[in-house]
Amino acid sequence: MDVNSKICEFCKVGNLREALDFLTRSEKSELEVETYCSVLQLCAERKSLQDGKRVHSIINSNGIVIEGVLGAKLVFMYVSCGDLREGRRIFDQILNDKVFLWNLMLYEYAKIGKYWDSMYLFKEMQNLGIEANSYTFSCIMKCFAALGKVVNCETAHGYVYKLGFGSYNTVVNSLITAYFKCGGVESAHKLFDELCDRDVISWNSMISGCVQNGFSENGLEFFIQMLVLKIDVDLATLVSVLVACANIGDLSLGRALHGYGVKTTFGKETMFDNTLLDMYSKCGDLNDAIQVFKKMGQTTVVSWTSMIAAYVREGLYDEAIRLFYEMESKHVKPDIYTLTSILHACACSSSLEKGREAHKYIRKNKKVLSLPVSNALMDMYAKCGSMEEAHLVLSQMPVKDTVSWNTMIGGYSKNGLPNEALRLFSEMQNESKPDGITMACVLPACASLAALDRGKEIHGHVLRNGYSSDLHVANALVDMYVKCGSLVLAQLLFDMIPKKDLISWTVMIAGYGMHGFGKEAIATFKEMRSSGIEPDEISFTSILYACSHSGLLNEGWKIFNSMKSECNIVPKLEHYACMVDLLARTGNLSKAYSFIQKMPIKPDATIWGALLCGCRIHHDVNLAEKAAEKVFELEPDNTAEKWEEMKRLRERISKKRLKKSPGCSWIEAKGKFNIFVAGDIASHPQAKRIETLLKKLRIRMKNEGYFPNMKYALINADDMEKEVALCGHSEKLAMAFGILNLPRGSTIRVTKNLRVCGDCHEMARFMSKTTKREIVLRDSNRFHHFKDGVCSCRGFW
């Protein structure tokens, strides 16, 4: 037996070591090309790149020309062993017209996601006149599908028919899949209808394509046609149909498929079980999902993640977290989806400590912080109220996407840090393009600050980029204008929303309530119901609030009673609080007290506080003491209003040394916020001008018969000191600043963090009359529109 026969024999039995030894020891003249090819084939099968390179080195040393079959085999060896770069280098050097080698390169590039490289090679094939086959087109279709370009699919479609592959099932099936993945649903349907000899893959392509494009009902129709035509279904069919059931909540069909799977061998497939588990979870049957999970012979990370997601979906966040640690104890490594699911559970349950533990686990196990995981971490910290930790994650991210920025901007807005939200929005614009969600996240920051000018700038950005058709953005814009005191613009935008949802209506109802337009709020509430949208708990809170702040007692009672009788909604504490407030503000203190005593749920400090506020307005000292007792009992650290008739209450507050947040007001002028703190004017650059103006106004008020109401100065001092303290109230300072600095005739808009006191309210009325300026004052409770000495609140505040 000669050397070539011996080496080939070793290759046949898989003895690579002996084959290489003989190859190395043999003379160049003794070896044939087929022998080199046999050894390279074995290297490829064994994925032994090192041995393959050794054979390549021997070929080069022996001066063998690399071409034809030998060149093709070398390319095959390198590609099979994972060295695509070297395989491509040799591929480019050899002249070959073998379609199988071109297909090999096409598939390998597609496998690693380098679809454009596959496309380039396909064009080279065409230029060189190499005839493609069905495998070529199947691969190219997958590339088109991944790139998501319908135009490319249509071009390839033309080649398929031009070259006579229109009757090849593998090609047409790939083309159907490609069209679906590119969104060309109609083209996919047409292809399927024209296909005469449909196999199970053709049907599966249609079912999965419909499901992936949001047409799950159509996918189920194709499945029913399969059953009618008695076409055998396979695992892929069942998985796609289960996904369709999950999407539309068809639990009965899902159960039937479960039964079918148990009767066949499919019930033992992990993919079937995982999809089945997910179907039960999404259809709201957690118990059956748990049973499927428990009976699974082999669980994977997908199984555990689906089960964790099921618990999260049902709001059982602690169970989800517990399952995560159980998964870890069984040495199942979590993937991106597991980590994002568990972080979402921590976020929804506001479990900061458990969220930190999950973050610690990620660091401890040296998990790469992918973009989705980093975003989920920021979302968790933001929803748990720890914006510092959220920002730390953001600062450590090498790459940020729009979701990253939106998560942080929204987090700042929701956590009462509007300035930080606006600052980050400006930073984002330098690095990334904001989208509609960004607008919906940043607009609440403008609303919180009552930053009308900044809000208008963002509105301009919305219009320029076409985001105004997004309902979330439209609602956020209406809310921003409402809270910035521009009710006219809010109403204008509200009217322009073509299809309003419950949030749209509720924002407008709440807006009218905040501005003291109770009748308009009620009219809007009725219009909402007439349009077919039923109110929820929040809507009722908003409309009852509006009635309370406009003194609409009869209307408020009717709406409150309709909650249960018409809408089947059981009133909660906030609804009872609105009714107590409404009764107390309108002077029905005894009825309010009786109402509280008959409440089916235990009243909290807010309820008693509303009664106490009414007692202050209507000077009922005896009832006020009872209400104050309850407030102190429920919230001993709460600050109560103090007034002159309640001396004992004032003394008690003094003894307890209760603290009240300092009054703070701000006004926007020329794009900048000017902040004033009660009693601290000396540090302001315009202190003297502001003080002089306030002094002149005070003298003028006295000359017109006005005397300061000392009951609003919450300090023990003589009348002179009290008057000075009153002048130091922050809203007065801000209003005076606005008169001095804003253009003549422009509206003065001031925002305060606390409820406006009666003295400042009177001062604002006098200022609007004397200076002939409209003043819009927003406090923690509502808006006060002052014009010509009259306030929109009409005394209900």
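The values are calculated or read from the model by the stated rules, or taken from the named source; none is laboratory data. From a predicted model like this one, the values you see are computed outputs, not experimental measurements. Ideal geometry is used to build each Cβ from the backbone, glycine not excepted, and the neighbour counts take in all protein chains shown.
Which residue pairs have Cβ atoms under 6 Å apart, sit 6 or more places apart or on different chains, and have a first residue in the range 517-531 that is under 13 Å from residue 502 (Cβ atoms) and a second that is of a type in the set (A, V, I, L, M, F, W, C) and buried (at least 22 other Cβ atoms within 10 Å of the Cβ)? Every condition considered, the pairs that remain are 524/508; 524/509; 525/509; 525/543; 528/505. Evaluate the following for residue 296: is it touching a residue at least 12 places away in the same chain (Cβ under 8 Å), aliphatic (A, V, I, L, M) and buried (at least 20 other Cβ atoms within 10 Å of the Cβ)? Here the answer is no, as residue 296 does not meet what is asked. Count of the range 536-572 residues, restricted to those that are assigned to a helix (DSSP H, G or I) and within 25 Å of residue 515 (Cβ to Cβ), is 22. Residues in the range 337-370 that are surrounded by fewer than 16 Cβ atoms within 10 Å (Cβ to Cβ), in a helix (DSSP H, G or I) and at pLDDT below 90: 363, 364. Please specify each residue of the range 272-302 satisfying the condition of being over 21 Å from residue 315 (Cα atoms) and more than 29 Å from the chain's Cα centre (by Cα). Correct list: 272, 273, 295, 296, 297, 298, 299.
Residue by residue, here is whether (1) within 21 Å of residue 390 (Cα to Cα); (2) out of contact with any Lys or Arg (no Cβ under 9 Å at 6 or more places or on another chain) holds:
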position: 258; (1), (2): no, yes
position: 306; (1), (2): no, yes
position: 314; (1), (2): no, yes
position: 322; (1), (2): no, yes
position: 334; (1), (2): no, no
position: 343; (1), (2): yes, yes
position: 350; (1), (2): yes, no
position: 354; (1), (2): yes, yes
position: 360; (1), (2): yes, yes
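Taking every residue in the range 589-601 that is in a helix (DSSP H, G or I) and pairing it with any residue that is surrounded by 11 or more Cβ atoms within 10 Å (Cβ to Cβ) and charged (D, E, K, R), at least 6 positions away or on another chain, the pairs with Cβ-Cβ distances below 7 Å are 589/620.
Take residue 488 and decide whether it is of a type in the set (Val, Ile, Thr) and without any contact (Cβ under 8 Å) to a residue 12 or more places away in the chain. In short, yes. Looking at 217, 194, just one residue is farther than 18 Å from residue 306 by Cβ, of a type outside the set (A, V, I, L, M) and without any contact (Cβ under 8 Å) to a residue 24 or more places away in the chain, and that residue is 194.
Restricting the search to helices (runs of 4 or more DSSP H) fully inside the range 178-268 and requiring at least 2 residues that are β-branched (Val, Ile, Thr) and farther than 24 Å from residue 156 by Cβ gives 216-228, 235-248.
All conditions in (1) in contact with a Gly (Cβ under 9 Å, 6 or more places away or on another chain); (2) modelled with pLDDT under 95; (3) β-branched (Val, Ile, Thr) hold for residue 442, with the sole exception of (2). Among the residues of the range 404-435, just one is closer than 22 Å to residue 469 by Cα, modelled with pLDDT under 95 and part of a helix (DSSP H, G or I), namely 429.
The set of residues in the range 303-326 that are in a helix (DSSP H, G or I) and surrounded by fewer than 20 Cβ atoms within 10 Å (Cβ to Cβ) comprises 313, 318, 319, 322, 325, 326.
Among the residues of the range 560-602, the ones that are out of contact with any Lys or Arg (no Cβ under 8 Å at 6 or more places or on another chain) and among the β-branched types (Val, Ile, Thr) come to 4 in all. Considering the range 271-284, and only residues there that are out of contact with any Ser or Thr (no Cβ under 6 Å at 6 or more places or on another chain) and within 14 Å of residue 301 (Cβ to Cβ), the residue that is surrounded by the most Cβ atoms within 10 Å (Cβ to Cβ) turns out to be 273.
Given the structure, is residue 258 free of Cβ contacts under 8 Å to residues at least 60 places away in the same chain, surrounded by fewer than 20 Cβ atoms within 10 Å (Cβ to Cβ) and under 35 Å from the mean Cα position of the chain (by Cα)? The answer is no for residue 258.
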